[in-house]
Each structure stands twice: as C-alpha cells, then as structure tokens.
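Right, one structure below, let's go through it.
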Amino acid sequence: MRHTPIRFIAAGALVIGFLGGLVLPLPGRGNATTGDAITIYMQPPTLGWGSSPYLTCGRHSTCLPPYNTSSALDWDDNNTGYGNPVYYRSYNFTSNTGGIIQVARGLPLQIQTAQDGCAIMAVWVAEGTNGPLRAIPKYDHVNVYNAAAFPIWGRAYPQTQYTSRRVGSTVNDSALCSTTGSHVHEDYYSSSASYTQNTAYPTASGCHDNCGTRLNSNVNNYTRRFQWTEGY
Amino acid sequence: MKIKRIVLTLGLLAVLGAGGFAAAKLIGGAAGTEAERPGQVDFDTIERRQATETAQPRFVGELLGIFIGPTEDTWPKDLQDEASQRLAGGCVDVPRSEAKSLDFPRPVALPKEYSPEELVPARVCSGQVAGLTWGYTVSGVEGIPGHVQISRSIGKARTYDVASDRVSVEHFGGREAIFIRPITPDGLAQIAYVLFPEPFGVTGVQTFNLSEADTTAVAQAVAEASK
C-alpha cells in the first residue's frame, strides 16, 4: 500500500510521455514546429534593386482583348533585347523576435520551355530548410539562370529583411507564346500558404499599355503575399 | 537520504516519460504518421539529381526526322536558317480557327483530374501558321502542381539540353515517338518530353512534376487524338 502512489505516478508519467509522443511532432528534415507566423511579400521582379520598372499590364490572365482579369502582372525590363535579369524578390517577416532567421528556402525550376509554348520558370518556396512546399511564385517568358537553392531570411516587424536573388533571364518565346518584347509575366501557382494579392494594382481591363512605375524595393508595392504558420 | 530518494524518483519518472514518448514515436513512425506532411520536398535530393544529369553527355542528333540539340548552334545550318527566318518577320496572334490545319483530328481525352488552362490564340510567324498549344494543370508528385503542355507546331528541330541516356524511340498508342524521360521515374520537379513526327512538323508533349507513368499515359492520349 505504501508504494501505490509512486506506482500511479510512474504509470502516469509513462502514459503522459506516450500521449505526448503521439501528439507532439519531432523536428526532422529541417522542419521546425515553432508555430511562428511567416509572411512573404513578393516584390516586382525586374531591374536592379531600388529601381522602378514599368507595369505594362494590370491584373490579367493574358494581356489581350477582352483583357480577362486574373492574378498576373507584367513587368518591363527597360531593354529591347532578351537575356535580361529576372529576380526572386520578397520582404520576409516572422513573428519570432529572436533576430534574423531562415524562414524558407527557394529552388528555381524550369516548368516549361519555349519549344512547346511559353517559357515558364517558378521558384518552389519551402518552409525552413527542407520543409513542406509553401509558395510557388512563377515567371513567364523566362528561363532559369541559376538553378541553385537559396535561403530566404526573415525577421520580426517592424524591422525588415529582404531577398533579391537573380533566378532567371528573359527569353524570346514568341513563336508559340502570345507575347511581344522582353518582359516578365509574374504570377503564382497555388500551394499550401494562404494567399492575398495587393489590391492597389489596377486590372487589365482598365490598364494594359502603360500602368506607371512601381519602386521594386518598397514593401507596400508587393504584388502578392504568402503566409503560413511554421510547422502546421 | 530523503533528497536522494526524491531525486531518484524524479529521475525514474523522467525516464518513464521519455520511454513512453519514444515508444509512441516508434509506433507512430512504423505506422507512417511521422514526416508525412503534404508537399514535403527535399531540395537537396532534387539538386543532386539535376547535377548528376547535367554531368552526363548531352544528346545531339536526329531521331524520326526531328533534330534535337542543347542549343540552336548545334542544329544543322538549314534548320537554323529556317528558324531564324520564321522569327525575323515577327509573330502575332490569330484566332485558333485560322490554324485548323494544325488542330488534332479528335479531342485529346485526358482524365478529368487534368484541368485545361485558358485557351490562347494560335501563333503566326512571318505570315505562316506556326503553332497551336494546349495547357493543363494537375496535382502532380507529392501533391504539388504538375503541368502538361501540348503543342502542334511547324519546324523539325528542338533545343532540349538533355542527357543522351534519357532519349529513346518508343511507341505510344500505336505511334512512334521520341521519349525524353524524366531524370528519375518519380518525375519530381523534372520535365519530360514526347515528340511525335508529323507531316507539318511536330506534336510535342511536355510534362512537369509528373511521374514517368503519368507522362506515358498523357502521350498515349495525345497519340490517339493525333491519329
């Protein structure tokens, strides 16, 4: 009788440990389960950082009559030739106040070549270092320039941390793609992050020749925003 | 003595708790509940596969009357000239109805999981109908978006920078075609190609993030539609 309480406590410890093991995930393969809120604000992808590229078509699918509204934006690169730099650009925030941390990792991939349509590349953005795929920004009329994966660092608001990485080059894909001149059709594919687009941009139905310029290093000029909770 | 007993008891409880945790992890792992989050990708593996492929000798040559090389300068001179003349006059959109000569004799019957993308106009280059395209999206490997692009276009040369051992001639739906396999059969984050020779040029299929088996199934449907 004298030992009963300790037996109960021991059994309780075993059960609690077992249940904890069932419920709590282990950090593995770069998966942090911090519950931190991660937000990525995509920026215009052309010209050098701190420049103001022309927006040549408001939110659209294809920038052609009848100018159907969708999520893409067309960015000029101020160059009449092809082979011009295209950048993955974003401001990255985390709710973690512990300084600058790697919130994601980007992998440039060619999705489609110009041999059968538009040249399309995308960047797979995975959580942490090798976590789940969270966001897929895409760039039309572009070939991959540097296929190496790269880290995406973030920090807590109001401090800012940005990524500007050359990932592609513009390409003449006009033989089988509805396009004219070197530019980037910037869009996204759905993935597990929640998605919001900046409503400050015009739609193609109202703007399809020259929609003005946007400073590509101003977080308020973000084109689209991806958000997720780390580990969930 | 009393303090020692308390410390020993707490230590025992900690060991039991950790043991329970480990047991749950072992059982959970064996049941496949660990690290099974959707869309989990290993970039290091993808990069390693790509690097291995890039280190292999590249395919340059002609199969079934279609020339393939990593860049246009590897093509025969007449094919290079033909391609540059086509682009020299510029390319414009025309309604698809004006490119009926390139259309499939019958619709491509893909399973309903393949969602067709918005149809885009046909292209005319230097006054000549150059091509018609069809795009589809589908849930691909690891539940990550996969893509299919089908084209019917003039010209008999392609710039594909691929390892020679990925290229072969196969039969799909009773038709001969050039098959450029994905780097690995799972097709994760990789492009594969199928090219059917046609009197007007080529029927081309590109897939991204589809397994080799799924690409084969798409190619069979395209072969049936093009007969």
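Any read-out appearing in this document is the output of simple, stated calculations on the displayed coordinates, not a laboratory observation. All of these numbers come straight from a predicted model, not from anything done at the bench. Here Cβ is always computed from backbone atoms with ideal geometry, including for glycine, and neighbour counts include all displayed protein chains.
Quick rundown of the values:
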| quantity | calculated |
| --- | --- |
| Scan of region A:140-154 for residues that are touching a Phe, Trp or Tyr at 6+ places or on another chain (Cβ under 9 Å), of a type outside the set (Phe, Trp, Tyr) and within 11 Å of another protein chain (Cβ to nearest Cβ), ordered by number | A:Ala149 |
| Residues being closer than 20 Å to A:Tyr145 by Cα, away from chain B (no Cβ under 11 Å) and part of a loop (DSSP other than H, G, I, E, B) - total across region A:83-118 | 2 |
| Leading residue by the ranking (surrounded by the fewest Cβ atoms within 10 Å (Cβ to Cβ)) among those in region B:84-99 that are within 10 Å of another protein chain (Cβ to nearest Cβ) and under 18 Å from A:Gln115 (Cβ atoms) | B:Leu87 |
| Any hit, region B:132-152, residues being closer than 19 Å to B:Glu98 by Cα, free of Cβ contacts under 8 Å to residues at least 40 places away in the same chain and more than 11 Å from chain A (Cβ to nearest Cβ) | no |
| Residue in region B:41-83 that is nearest to A:Leu109 (Cα to Cα), counting only those that are away from chain A (no Cβ under 12 Å) and basic (Lys, Arg) | B:Arg58 |
| Residue satisfying all of: in region A:127-139; of a type in the set (D, E, K, R) and surrounded by 23 or more Cβ atoms within 10 Å (Cβ to Cβ); farthest from the other protein chains (Cβ to nearest Cβ) among these | A:Glu127 |
| Output for region A:155-172, where each listed residue is part of a loop (DSSP other than H, G, I, E, B) and either of a type in the set (Gly, Ala, Ser) or more than 10 Å from chain B (Cβ to nearest Cβ) (or both) | A:Ala156, A:Tyr157, A:Pro158, A:Gln159, A:Thr160, A:Gln161, A:Val171 |
| Exclusive hit being more than 12 Å from chain A (Cβ to nearest Cβ), among the hydrophobic types (A, V, I, L, M, F, W, C) and in contact with a helix residue (DSSP H, G or I) (Cβ under 7 Å, 6 or more places away or on another chain), set B:Ala109, B:Ala122 | B:Ala109 |
| Residues within region A:54-82 that are under 15 Å from A:Asn198 (Cβ atoms) and in a loop (DSSP other than H, G, I, E, B), tallied | 3 |
